[in-house]
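To start, the structure under review is shown below, and the notes come after it.
The values are calculated or read from the model by the stated rules, or taken from the named source; none is laboratory data. These figures come from a predicted structure and were not determined experimentally. Don't worry about glycine lacking a Cβ; one is built from the backbone with ideal geometry, like all the others, and counts go over all protein chains shown.
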Amino acid sequence: VVAGSTTDCPLGMLVAEEPDAGTVDDAGTRPDAGQVAVDAGTTPDAGTPDEPRVTPEAPGAGCGCGTTGSEPAGLLLLSFAGAALMRRRGRAASSASVAALGLCLMVGLTACTEQEQGSAQQAPSSMVQALETQPFVMVGEARELAAGMAPVLSPQGDVVAFTRTGFEGLYLVAAEGGAVTTLTEEPGAGYAPVWDRDGARIAYRHPGQPFVESPVFSVDRYGKSARPFALHQGVWVLQRANAIVLREGKSERIIAEGGDRYFAPFLTRDGQFVIYRGLESGVWAYRRQDGLRVHFGEGSHPSVSEDGRYLVFTRTADDGEQMTAGDLFIADLADPSFRTAAIPLEGHVIELYPSFSSRSGLLVYSTACGSVRAVKLEIR
């Protein structure tokens, strides 16, 4: 049900494109989505070539066992030993010496390779499919808050940050509606802004900053410069080639690799799950406690409530040229079966970019028409 002046959008509308796809490689020291440094909100649509561009790390020279890229001292010693052996035994023993030297070098190189590869160990894990059920939320009346797209609720659920077509600018509006506050009109500022824990500050990207990099500029709710913040300490998730890597301190674990091209990882605010996407497989969650991987099926634009319990995302359809449908889904990350169901919203409206607050029970989203809307959910 749409209140008042809300205008529905016919099917087949084109929506604003997200950042171009680029070469996916190691994002280096890219922090998790919970920190100021990463995408804490919406991520690019997996169904279109809009995967974030990541600058590859410079490859190291030689086998340096993760140090400076220079040849290890052990291999140098082995080389000198082999040369001395050949001089002592003369030509008759040269073949055997060369073979011995080759074996030594092989052992050294193998050890180095194992040590180098060991920096990111494959995390042992099992996989389950989330249980799709009948809807378990009751939906109130949808209200239009503002013209815009890609809304992100504050942790308290009282203020909505949003942007305009092409992620131009960053704006605030009260969850109950009212006047719009302009924080900035800078290009790209509206792509995945990050709220701090108490909702007093929000971080966004400066013009020219790659979408995959951290939002580095923080402001308060009035647009005044504020000090930077971080939601997690010593924990990062990053994209490396087609894999997702969880870095905790100096240790790394590969939590998703093979079978798809995985991208756009972020940590939930409580730090319990890593949410990421597969280009073909859709939305995934990795539970840090035991390594369980949960597959939620096709989806895009995932975000998680401030308490880390509810995952919301979009499922879209297209005719090969235009998006023709978009529906929102909700999943319970605390449920043993990870129950997942559609959110029964308006008919014939393409719904995108959901953001949900457990505290207020408010869901905000945008439509293909460029409308930011809000609706109360009652979870059963």
ask   = In the stretch 275-300, what count of residues is obtained for those that are in contact (Cβ under 8 Å) with a residue 60 or more places away in the chain, out of contact with any Gly (no Cβ under 9 Å at 6 or more places or on another chain) and part of a strand (DSSP E or B)?
value = 4
key: Residue list for the stretch 216-241, filter: of a type in the set (Gly, Ala, Ser) and either farther than 26 Å from Val180 by Cβ or free of Cβ contacts under 8 Å to residues at least 40 places away in the same chain (or both)   = Ser225, Ala226, Ala230, Gly234, Ala241
note = For the stretch 306-347, the count of residues that are over 23 Å from Leu131 (Cβ atoms) and touching a His at 6+ places or on another chain (Cβ under 7 Å) equals 0
request  = Any chance you could count how many residues in the stretch 270-301 are closer than 15 Å to Asp332 by Cα, under 13 Å from the mean Cα position of the chain (by Cα) and not hydrophobic (A, V, I, L, M, F, W, C)?
outcome  = 1
inquiry  = So if I check each of Ser281, Ser303, which one is within 21 Å of Val159 (Cβ to Cβ) and among the small types (Gly, Ala, Ser)?
reply    = Ser303
query = Restricted to the stretch 217-245, and to residues that are closer than 24 Å to Pro207 by Cβ and of a type in the set (Phe, Trp, Tyr), which residue is farthest from the chain's Cα centre (by Cα)?
reply = Tyr222
task = Report whether or not Ala230 is touching an Asp or Glu at 6+ places or on another chain (Cβ under 6 Å), part of a loop (DSSP other than H, G, I, E, B), at pLDDT below 95 and not aromatic (Phe, Trp, Tyr).
result = no
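From Gly271, Gly291, grab the single residue that is out of contact with any strand residue (DSSP E or B) (no Cβ under 7 Å at 6 or more places or on another chain) and in the same structural domain as Arg197 (by TED's automatic domain parsing).
Only one candidate passes the filter, namely Gly291.
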